Amino acid sequence: MTRFIIRRFIFLILAIFAATLIVFALSRLQGDPRNVMLNVGYVSPEQWEAWGKDFHLDKPVVIQFDLDWQRDFPGRFWNFSENWTASAGNG
């Protein structure tokens, strides 16, 4: 019985990860997420860039996923973004 519960728990974690990855990928397939969230005619170019920086759209997609995961699920399962910013010199 314990083995069954452990196996189900592992599949639960994998299912949550897969669902998160699928939703993230689908949200990026249409292009820049700002096009969906912001109406281009109603925001200034400065607001457009600030929004992109707030949501880390200036970073690689893997780092964006890592930062989204950290925001949605607090805790340190892994941390690609910390290693990337240290190696790239982006504090």
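Computed values, structure above
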quantity: Label point at V36 placed 7 Å out along Cα→Cβ; residues across the range 2-23 whose backbone nitrogen lies under 20 Å; calculated: 16-23
quantity: Cβ-Cβ FRET estimate between W51 and L26, R0 fixed at 22 Å, reported to 0.05; calculated: 0.65
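Any read-out appearing in this document is the output of simple, stated calculations on the displayed coordinates, not a laboratory observation. What you see is a predicted model, and the numbers here were worked out from it, not measured in a lab. So basically every Cβ, Gly included, is an ideal-geometry build from the backbone, and we count neighbours across all protein chains shown.
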